1. Looking at the structure I just gave you, is Val15 among the hydrophobic types (A, V, I, L, M, F, W, C) and touching a Leu at 6+ places or on another chain (Cβ under 6 Å)?
2. I'd like the residue in the range 162-196 that is free of Cβ contacts under 8 Å to residues at least 24 places away in the same chain and aromatic (Phe, Trp, Tyr) and, out of all such residues, is nearest to Gln132 (Cα to Cα).
3. Can you pull out every residue in the range 169-196 that is crowded, with 16+ Cβ neighbours inside 10 Å and farther than 24 Å from Pro152 by Cα?
4. Considering only residues of the range 47-85 that are in contact (Cβ under 8 Å) with a residue 40 or more places away in the chain and of a type in the set (S, T, N, Q), which is farthest from Leu194 (Cα to Cα)?
5. Do you know which of the residues in the range 37-51 that are within 20 Å of Leu113 (Cβ to Cβ) and in contact with a helix residue (DSSP H, G or I) (Cβ under 9 Å, 6 or more places away or on another chain) is surrounded by the most Cβ atoms within 10 Å (Cβ to Cβ)?
Amino acid sequence: MVNLKRTREDILSSVQDLIHHQGFQATGLKELFAASGTSSGSFYNYFESKDELAHALIDLQWHQLKTVILEPAKTISDDPIAQVFWMLDRVEEKHLAEPDCAGCFLGNLVVELAKQDDSFKQHLVQVFDGWQAAIAVSLKAGRDQLKSEIDPEALAEQLLVTIEGALLLGRLYAEPSRLKRYFDGARGLLRSSLKS
């Protein structure tokens with residue numbers, strides 16, 4: 001039976017795993033209605049279109065990334081470099097906990113949507129710029145631990161690229177041992193940037 005009292009947040013929470021594993025474009029509206037337990041009328045009360053749902057999911061994923069990983073990292077240690085290692089560990093842990101690594105939700109949307117509509121591209125650029133900036137803040141705060149030739153902004157970019165590459169290939173191979181190796185590579189990149 002369709003629950004007409006579902007909230008916007010309920011709908012987003014109930015469809016995000018389906019879209020994460022199946023893909024946004026491959027998921028039809030009937031599947032979204034079924035997964036969220038809403039009628040089409042109720043769904044369209046909250047989202048004018050499927051594209052608006054995608055933008056809301058981008059915001060939800062960004063909010064979750066900030067509240068579960070990026071912001072807590074600031075509180076786990078006074079050492080800003082330890083904060084970056086902690087971020088890497090938590091992202092790895094999150095994806096290893098999935099029974100079937102579906103990759104980075106946001107990265108998957110880059111592949112699916114960035115060329116489809118400029119509004120998706122701009123929205124995702126904003127999110128990834130924010131993620132990179134959060135890493136860079138800690139690296140800049142720990143600059144005295146970095147080798148003199150290391151640019152914290154460039155290192156933050158390299159770390160984000162490594163994370164996204166790890167999650168993309170993690171989705172492809174679906175082997176936890178590979179995902180661990182990929183994240184070891186990200187940690188190795190950070191370690192190699194530190195003074196001896």
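Quick note: the coordinates plus some simple rules give every number you see, no bench work behind them. All of these numbers come straight from a predicted model, not from anything done at the bench. Glycine gets a Cβ as well: all are built from the backbone with ideal geometry, and neighbour counts include every protein chain shown.
1. Spelling it out, Val15 is indeed among the hydrophobic types (A, V, I, L, M, F, W, C) and touching a Leu at 6+ places or on another chain (Cβ under 6 Å).
2. It comes out as Tyr182.
3. Scanning the range 169-196 gives Leu169, Gly170, Arg171, Leu179.
4. Ranking the candidates gives Gln61 first.
5. Filtering the range 37-51 for residues within 20 Å of Leu113 (Cβ to Cβ) gives 43, 46-51.
Checking the rest, the ones that are also in contact with a helix residue (DSSP H, G or I) (Cβ under 9 Å, 6 or more places away or on another chain) come to 43, 46-47, 50-51.
Values: Phe43: 20, Tyr46: 18, Phe47: 18, Lys50: 14, Asp51: 15.
The residue in question is Phe43.
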